[in-house]
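I have placed the structure first, in the form of structure tokens, so that the comments after it can refer back to it.
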Amino acid sequence: MHRIHWMFSVGCWLLDVPVPMNIFQTILILVFAFLAVFGEAVCDAPRHLLGAQINLLPALMIFAALNVGLPTLALLAVLGGLWFDTFSANPLGISILPLLAVGWPVYLRRDLILRDLPFAQFVLGAAASAAVPALTILMLLSGSQEPLLGWGSLWQWIVMIAGGAVATPFIFALMDRCNRALGYQVRTENSFRPDREIQRSRKKI
């Protein structure tokens, strides 16, 4: 990823100021997270067909952990967790820590991950989709809540893992396309002009 720099001329000095965060990408990720949570609450078709609702927030956390900074990752976990708990029967705020627990390790090791490989995105999406509901249930059991668990819960967990794994590469492709279409690209300047003619002179001895 390229780092954006702003150049300011102050007198005889030229200041090179790096831009710390891509605000457009942060807004795009948060808008996509809200639409995903709202769509899951409104659309009941996957729940009726598969017996479970697919959660896209773990897959989006994988994308954020591999492509954006830590403030955006934390903001996505907090707001996404609050939105998800608001539209569900979960206690408010219980989904924040599982989302952070998924995104933080990936963020720390993202330089070692082949982020552009669809198979790696698939595996990370499956692991995140498996970890987030499992950690949420553990937090519910450690508190005063008693979630309804049974053999049907195992099937719902499998559906969430498979759905999150398949959705992760599509989220990567969709976000990259939106960034290219709506964002700005870094333009590299080259001092060489292809239309420039090079004049060669022959010296007579």
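The values are calculated or read from the model by the stated rules, or taken from the named source; none is laboratory data. Only a predicted model underlies this, so the values are computations on that prediction, with no experimental measurement involved. Every residue, glycine among them, receives a Cβ derived from its backbone with ideal geometry; neighbour counts consider all protein chains shown.
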Exactly one of Leu99, Leu50, Leu70 is modelled with pLDDT of 95 or more, under 30 Å from Leu141 (Cβ atoms) and among the hydrophobic types (A, V, I, L, M, F, W, C), and that one is Leu99
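Output the residues belonging to region 79-115 that are of a type in the set (Lys, Arg) and not in a helix (DSSP H, G or I).
Arg109, Arg115
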When (1) within 27 Å of Leu49 (Cβ to Cβ); (2) modelled with pLDDT under 95 are applied to Asp111, the one that fails is (1)
Filter region 84-107 down to the residues that are over 14 Å from Leu135 (Cβ atoms) and within 14 Å of the chain's Cα centre (by Cα) and list them by number. Val106, Tyr107
Residues of region 146-175 being modelled with pLDDT under 90 and not in a loop (DSSP other than H, G, I, E, B), in sequence order, are Trp151, Gly152, Ser153
With the first residue restricted to region 87-116 and required to be free of Cβ contacts under 8 Å to residues at least 12 places away in the same chain, and the second required to be buried (at least 16 other Cβ atoms within 10 Å of the Cβ) and in a helix (DSSP H, G or I), Cβ contacts under 6 Å at 6 or more apart or on different chains are Leu92/Asp85; Leu114/Ala120
